[in-house]
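The values are calculated or read from the model by the stated rules, or taken from the named source; none is laboratory data. As the structure is a prediction and not an experimental result, all values here were calculated from the model. Please note: Cβ atoms are built from the backbone with ideal geometry, for glycine as well, and neighbour counts cover all protein chains shown. Ligands, DNA and RNA are excluded from the accessible area calculation, which covers all protein heavy atoms including side chains. Shrake-Rupley method; radii C 1.70, N 1.55, O 1.52, S 1.80 Å.
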Amino acid sequence: MILTVQEAVRALSLGKTVVVPTETVYGLAARASDPHAVAEVYRIKKRPVNNPLILHFSDVETIKKYTSLPDLVDSIASFWPGPLTLLLPHGGRVSGAITAGSSFVACRIPDHPLLLQILKALGEPLAAPSANFSGASSPTCVEDLDTALLEQTAGVVDGGPCRIGIESTIIRLEKNRFQIVRPGLIGAEALRSAGFLEGGAEKPIAPGQAERHYAPRVPLILLTDQSPGQHRVELKDCCYLDSGQGRFASSAFGQRVFLSRHGNLEEVAHNLFHAFHATSEIRFLAMEMLPEEGCGPAINDRLRRAATLTGKISADGLAVYVQKL
Ligand code: TXA
Ligand code: MG
């Protein structure tokens with residue numbers, strides 16, 4: 001069911017869960033103060049309870065009520081509203097159900113006008129993981145939402161296609177040093193130009209980053225130049241996700257979907273998950289890794305987790321020899 005902002009605010013106030021738009025991906029939201037609704041998020045998503053949730057806020061003042069923000073937050077806050085999530089010490093002010101028992105809580109101010117309206121009207125944060133079943137890739141538009149998930153919620157606020165298309169960068173900040181826990185559109189260069197230095201104590205782990213996930217509807221083959229596997233897959237059975245770099249482009253592919261025409265990495269990020277959701281008759285997706293510049297590392301991180309096969313194109317150019325990753 002499609003909800004207006006007012007209907008979403010009412011549903012959330014009544015303890016229901018709602019799918020909300022953000023600039024990165026759609027989120028499955030519950031009021032942070034409502035333990036029953038938060039438990040519903042884990043149940044609906046089939047998410048392991050040891051995988052904590054991100055809190056979404058409307059402003060920095062509200063974040064200060066729940067966490068200890070470091071002094072340098074002004075420069076960090078220049079990224080907000082936006083796709084940057086900070087791991088902050090909460091000193092017991094956030095429920096263990098949201099943090100999975102960690103002394104840190106993940107916080108961000110999302111850059112989507114409809115979600116900001118909802119957050120302001122509620123006056124409290126929303127706990128919201130991406131609105132997909134655990135292990136699947138994140139939805140970046142309402143059409144890509146799994147109906148079996150949506151049916152278990154009060155409905156969705158349609159905010160159009162997500163501007164960015166991959167999840168936020170997650171960092172841990174210690175004094176003026178940052179560590180990237182999950183790469184995203186905001187990369188190390190941007191954080192360095194805001195006056196921060198990379199590195200620090202032991203790198204924290206995001207439990208959700210441990211497993212293989214972002215699974216597309218059909219197996220994804222990572223194309224490489226390295227030695228081929230044993231199993232032959234015909235290119236006519238593959239859809240080539242073309243990032244505009246054209247490295248493996250070939251007319252022998254059964255289908256070709258452009259993620260970007262001119263190799264623009266932000267455009268590739270914007271279109272990637274939508275391509276993963278495509279429901280054509282094709283048996284395999286095929287794509288190569290992108291250069292490690294700009295948001296390349298963030299896209300490559302998703303590709304590494306999403307792919308189950310790696311493969312090299314055969315000498316006759318009609319097939320790819322694959323092996324399991
Ligand atoms: O762009 C985004 O971040 C989207 C939108 C909806 O805001 N949200 C999102 O949430 O991607 P989710 O739950 O799909 O991914 C959150 C990641 C998980 O890998 C989780 O393990 C990690 O953040 N995380 C959350 N709280 C954490 C904490 N306290 N310490 C370490 N990792 C944490
Ligand atoms: Mg997720």
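Some values worked out for this structure:
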{"quantity": "Selection count where residues are part of a strand (DSSP E or B), open to solvent by less than 10 Å² (accessible area, probe 1.4 Å) and touching a residue at least 60 places away in the same chain (Cβ under 8 Å), scope the range 95-118", "calculated": "1"}
{"quantity": "Residue match in the range 272-286 (condition: within 17 Å of Gly246 (Cβ to Cβ), charged (D, E, K, R) and over 19 Å from the mean Cα position of the chain (by Cα))", "calculated": "no"}
{"quantity": "Pair list, Cβ < 7 Å and 6+ apart or interchain, from the range 63-83 residues that are over 17 Å from Val94 (Cβ atoms) and of a type in the set (Val, Ile, Thr) to residues that are open to solvent by less than 60 Å² (accessible area, probe 1.4 Å) and not in a helix (DSSP H, G or I)", "calculated": "Ile76/Leu86; Ile76/Leu173"}
{"quantity": "Any hit, the range 134-143, residues being more than 23 Å from Leu303 (Cα to Cα) and either more than 13 Å from ligand 1 (Cβ to nearest atom) or of a type in the set (Phe, Trp, Tyr) (or both)", "calculated": "no"}
{"quantity": "Yes/no for Ala215 being open to solvent by 40 Å² or more (accessible area, probe 1.4 Å), within 13 Å of ligand 2 (Cβ to nearest atom), closer than 30 Å to Gly254 by Cβ and of a type outside the set (Val, Ile, Thr)", "calculated": "yes"}
{"quantity": "Matching entry among Gly159, Gly165 (being assigned to a loop (DSSP other than H, G, I, E, B) and open to solvent by less than 10 Å² (accessible area, probe 1.4 Å))", "calculated": "Gly165"}
{"quantity": "Check on Ala201, at negative phi and surrounded by 13 or more Cβ atoms within 10 Å (Cβ to Cβ)", "calculated": "no"}
{"quantity": "Conditions (1) assigned to a helix (DSSP H, G or I); (2) touching a Ser or Thr at 6+ places or on another chain (Cβ under 9 Å); number of the one not met by Lys65", "calculated": "(2)"}
{"quantity": "Selection count, the range 219-268, where residues are under 26 Å from Asn132 (Cα atoms), touching a Phe, Trp or Tyr at 6+ places or on another chain (Cβ under 6 Å) and not basic (Lys, Arg)", "calculated": "5"}
{"quantity": "Single residue of the range 119-156 satisfying the filter (open to solvent by less than 30 Å² (accessible area, probe 1.4 Å) and of a type in the set (Val, Ile, Thr)) that is farthest from the chain's Cα centre (by Cα)", "calculated": "Thr153"}
{"quantity": "Gly317 surrounded by fewer than 15 Cβ atoms within 10 Å (Cβ to Cβ), farther than 21 Å from Thr24 by Cα, in contact (Cβ under 8 Å) with a residue 12 or more places away in the chain and of a type in the set (Gly, Ala, Ser)", "calculated": "yes"}
{"quantity": "Condition met for His270 (within 26 Å of Pro110 (Cβ to Cβ), touching a Cys at 6+ places or on another chain (Cβ under 7 Å) and part of a helix (DSSP H, G or I))", "calculated": "no"}
{"quantity": "From the options Ala148, Ala154, residue that is over 15 Å from Phe57 (Cβ atoms), touching a Lys or Arg at 6+ places or on another chain (Cβ under 6 Å), away from ligand 2 (no atom under 16 Å from the Cβ) and not in a strand (DSSP E or B)", "calculated": "Ala154"}
{"quantity": "Matching residues, the range 285-307, being assigned to a loop (DSSP other than H, G, I, E, B) and either buried (at least 16 other Cβ atoms within 10 Å of the Cβ) or in contact with a Cys (Cβ under 9 Å, 6 or more places away or on another chain) (or both)", "calculated": "Met289, Leu290, Gly294, Cys295, Ala307"}
{"quantity": "Sole residue being farther than 28 Å from Pro89 by Cβ and free of Cβ contacts under 8 Å to residues at least 12 places away in the same chain, chosen from Thr147, Thr153, Thr140", "calculated": "Thr147"}
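Let's see how each residue does on (1) open to solvent by 10 Å² or more (accessible area, probe 1.4 Å); (2) small (Gly, Ala, Ser); (3) not in a helix (DSSP H, G or I):
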| position | (1), (2), (3) |
| --- | --- |
| Arg10 | yes, no, no |
| Lys16 | yes, no, yes |
| Tyr42 | yes, no, no |
| Pro48 | yes, no, yes |
| Leu69 | yes, no, yes |
| Ser75 | yes, yes, no |
| Arg93 | yes, no, yes |
